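Peer 1: Here it is, the structure, as C-alpha cells.
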Amino acid sequence: MTTAQAARVVVDLDVPGPTISRHLYGHFAEHLGRCIYGGFYVGEDSPIPNEGGIRVDVVEALRALNIPNLRWPGGCFADEYHWKDGIGPKADRPTMVNTHWGNVEENNHFGTHEFMALCELLGADPYICGNVGSGTVQEMSDWVEYLTRDGDSPMVRQRKANGRDEPWRIPFWGIGNEAWGCGGNMRAEAYADLARRYATYCRDHGDNQLYRIAAGANKDDLTWTEALMKSISCLGCGRDPQNIFQAVSVHYYTVAGTWEEKGSATDFDLDDYHRTIAQARDVERIIRGHSAVMDAYDPERKVGLVLDEWGTWWDVEPGTNPGFLYQQNTMRDALVASLHFDVFHRHAERLVMANIAQTVNVLQAMLLTDGDGGLVRTPTYHVFEMNKGHQDATGVPVHVVEGQEVSASASVKDGRVLISLSNLDPVSARDVVLDLRGGELRQPTGRLLTAPKPQSCNTVSDPDVVAPAPLGLEPEPRGLRMTLPPHSFATVSSAW
Ligand code: AHR
C-alpha cells in the first residue's frame, strides 16, 4: 500500500445549502426474481420467521437504514400488473405470467395489502407505480380510491370487505414506468399527453395529497424530459407547471460493459474497476442535463426530478436464472453508491428523490437471502447505513482541493455534522486533511468501510468481510487528518 500526497477537503460548515431530502435514500422492490417472493415475502406458512408472510430478519436489517420510501410493484412489471388481482382471499387470486422477468407464474399473493403492511413494518412511505402500458385510466383511478378514500364508495366498500377500514396515506404515485420502452414503447409527446390524462384522474381523496411522478427519460435522453416539461408549462401564463404532475423521473444504471455483456460482479480487473467508477461519476452530468432542461421551463424549481432507478447492473451470478437479475455486491458497488450520494447531495435542490434498484436479491441489493433463512448485508447496505445521517439534513459546500480520486460531501443537522469521504483509488491509500471553515468539531468520530480487495464481498458463510470499523482521526490546526485505505468509504461525524 503506498501513500500519495494528502488530499485537502474544505468544508464550509456555515454556508447552508439545500435540504437533502430523506427521499434521496429511497428504495425499489419489484416483482422480479427473488426480490418479493423469497426476499421480502415467504408466506405465512414458511418456517422462516415472518409476520403476515413478511420476513422478520429482512425487516429488522432494513429498519437500520431508515428507508424513507419504497417503490413498488415495478419497474417493467408495473405496466402489466392489474392490482385487483392482488386483493381478497389469496386462494381466489388469479395467477398471471410475469413476461418481463423469467416468464414465471405470479400468484398475486403479495398484493396491495401486503405491500402496505411491509411499508408499515419498515416505517417507509409507499411509492406506488401505476399501470399505464396495459392498464386503463379507470383502473388506476380505482386503485387510488381504494387506497386513500375515506367514508363510503364502491372502492372503499371493497377495501373494508378485505379487512382494512381506514384509508392509507399514499404520498407518491408513479404514472407508469419507462414509457419509452417496456412501459409501452411510446413517443415522448404521446406519453406526455397520456401522463396528463392519467394524472388528472389520480385524485386527491380527503387529506391525501398525491405527488404524481411522470415516467421519465432513459439516462441522457433530454428530449424526453423536454417533452414532459413542455406539456405542463406555459411560461408567463401564470399557471403553475406542477399542477398536473409534480415530478418527472429519470433512470440511470451503471453498466460498465455492454447490455449484452455487462461484466461480472466479482471477477473484474483494474480497467473494469476504472470504467465502472467513470460510469458512476457520469450520473452528475445526467442530473445536470435534466436539471438544465427543467430550469428552462420551471425556473422556480417547483417540479421535482426523481431518479427512481439507479445502481450497478452486472451479468447475473453464474447458474442463476438470467431473468432474475441476481448479482453479488462488492466493495466496488459500495463506492458506486457513495459516489452517487455525493452527487445527490450536490443536486438536492432539484433532485428530490432517488430509488436504488433493488432492495433485496436483485441488482445492487442491500440484502441477499437464501432459501434456508440466510441473510447477508452487502457492502452497499453499509454505505446506506453510514450515510443515513444526511437524510433531511442541510447540505454544506465541500471542495476537494487536491486529490481527484477523493469524492466527498457533507451536511449539518441538529448541531451535528456528517462528512462522507470516498477514496476511489483502487491501489493507493490517501491521507486526507479535513479543512473545516466556519465551525469547530467537538468529539469527532470516524467510521471506515474497506476490504482486502475491490472484489471483496460478503457471503452467508463469511458475512462480515466488508463491514464498518472505527477510523482513526488526528487533530490538525483547522480540522482533522486521516488515512483512507485504497478503495474505501468513510464517514466523520461530530457535534459542532
Ligand atoms: O430494475 C430492473 C428494470 O430496469 C426495471 O423493471 C425497469 O424499469 C428497468 O429497465
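The values are calculated or read from the model by the stated rules, or taken from the named source; none is laboratory data. None of the values given here were measured: they were computed from a predicted structure. Counting neighbours? That spans all protein chains shown, and the Cβs are built from the backbone with ideal geometry, glycine included. Ligands, DNA and RNA are stripped out before the accessible areas are found, and what is left, the full protein with its side chains, is counted by its heavy atoms. Shrake-Rupley method; radii C 1.70, N 1.55, O 1.52, S 1.80 Å.
Peer 1: For residues that are part of a loop (DSSP other than H, G, I, E, B) and charged (D, E, K, R), tally how many sit in the stretch 434-474. First the steps, then the outcome.
Peer 2: First pass over the stretch 434-474, keeping only residues part of a loop (DSSP other than H, G, I, E, B): 438-441, 450-456, 458-468, 472-473.
Within this subset, residues satisfying the condition of being charged (D, E, K, R) are 440, 453, 462, 464.
Counting residues in the stretch 434-474 that are part of a loop (DSSP other than H, G, I, E, B) and charged (D, E, K, R) gives 4.
Peer 1: How many of the residues in the stretch 243-262 are surrounded by fewer than 18 Cβ atoms within 10 Å (Cβ to Cβ) and either outside the structural domain of GLN209 (by TED's automatic domain parsing) or touching a Gly at 6+ places or on another chain (Cβ under 9 Å) (or both)?
Peer 2: 2
Peer 1: Also, I was wondering about something else. Among (1) away from the ligand (no atom under 16 Å from the Cβ); (2) assigned to a helix (DSSP H, G or I); (3) crowded, with 17+ Cβ neighbours inside 10 Å, which single condition is GLU120 missing?
Peer 2: Here GLU120 clears every test but (3).
Peer 1: Let me ask something else about it. Does the stretch 357-367 contain any residue that is under 15 Å from ILE67 (Cβ atoms) and assigned to a helix (DSSP H, G or I)?
Peer 2: No: zero hits.
To keep it simple, each residue is scored yes or no on (1) away from the ligand (no atom under 16 Å from the Cβ); (2) at pLDDT 95 or above; (3) in a helix (DSSP H, G or I); (4) open to solvent by 10 Å² or more (accessible area, probe 1.4 Å).
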| site | (1), (2), (3), (4) |
| --- | --- |
| ASP342 | yes, yes, yes, no |
| VAL352 | yes, yes, no, yes |
| ASN355 | no, yes, no, no |
| ASP372 | yes, no, no, yes |
| THR380 | no, yes, yes, no |
| PHE384 | yes, yes, yes, no |
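Peer 1: Would you pick out the residues in the stretch 134-177 that are within 16 Å of the ligand (Cβ to nearest atom) and either open to solvent by 30 Å² or more (accessible area, probe 1.4 Å) or over 27 Å from the mean Cα position of the chain (by Cα) (or both)?
Peer 2: Result: SER134, single match.
Peer 1: Being under 30 Å from ASN458 (Cα atoms), within 16 Å of the ligand (Cβ to nearest atom) and modelled with pLDDT of 95 or more is the requirement here; does GLY216 meet it?
Peer 2: On the way: under 30 Å from ASN458 (Cα atoms): no; within 16 Å of the ligand (Cβ to nearest atom): yes; modelled with pLDDT of 95 or more: yes.
No; evaluated as a whole, the condition is false for this residue.
Peer 1: Also, quick follow-up: State which residue is nearest to the ligand (Cβ to nearest atom) when the search covers only the stretch 306-340 and only residues that are of a type in the set (A, V, I, L, M) and either in a loop (DSSP other than H, G, I, E, B) or in contact (Cβ under 8 Å) with a residue 60 or more places away in the chain (or both).
Peer 2: Initial filter on the stretch 306-340 (of a type in the set (A, V, I, L, M)): 306-307, 316, 325, 331, 334-337, 339.
Pick out the ones that are also either in a loop (DSSP other than H, G, I, E, B) or in contact (Cβ under 8 Å) with a residue 60 or more places away in the chain (or both) and you get 306, 316, 325, 331, 334-336, 339.
On the way: VAL306: 13, VAL316: 12, LEU325: 6, MET331: 22, ALA334: 19, LEU335: 20, VAL336: 15, LEU339: 19 Å.
Taking the candidates together, the pick is LEU325.
Peer 1: OK, next. Any residue in the stretch 13-21 that is under 23 Å from GLN358 (Cα atoms) and either open to solvent by 10 Å² or more (accessible area, probe 1.4 Å) or of a type in the set (Val, Ile, Thr) (or both)?
Peer 2: Let us first name the residues in the stretch 13-21 that are under 23 Å from GLN358 (Cα atoms), namely 20-21.
Next, from what is left, pick out any that are either open to solvent by 10 Å² or more (accessible area, probe 1.4 Å) or of a type in the set (Val, Ile, Thr) (or both): 20-21.
Yes.
Peer 1: So, in the stretch 400-416, how many residues would count as being open to solvent by 40 Å² or more (accessible area, probe 1.4 Å) and closer than 20 Å to VAL283 by Cβ?
Peer 2: 3
Peer 1: Does ARG71 satisfy the condition of being modelled with pLDDT of 95 or more, among the charged types (D, E, K, R) and more than 16 Å from the ligand (Cβ to nearest atom)? Before the answer, list the steps.
Peer 2: On the way: modelled with pLDDT of 95 or more: yes; among the charged types (D, E, K, R): yes; more than 16 Å from the ligand (Cβ to nearest atom): no.
No, not satisfied.
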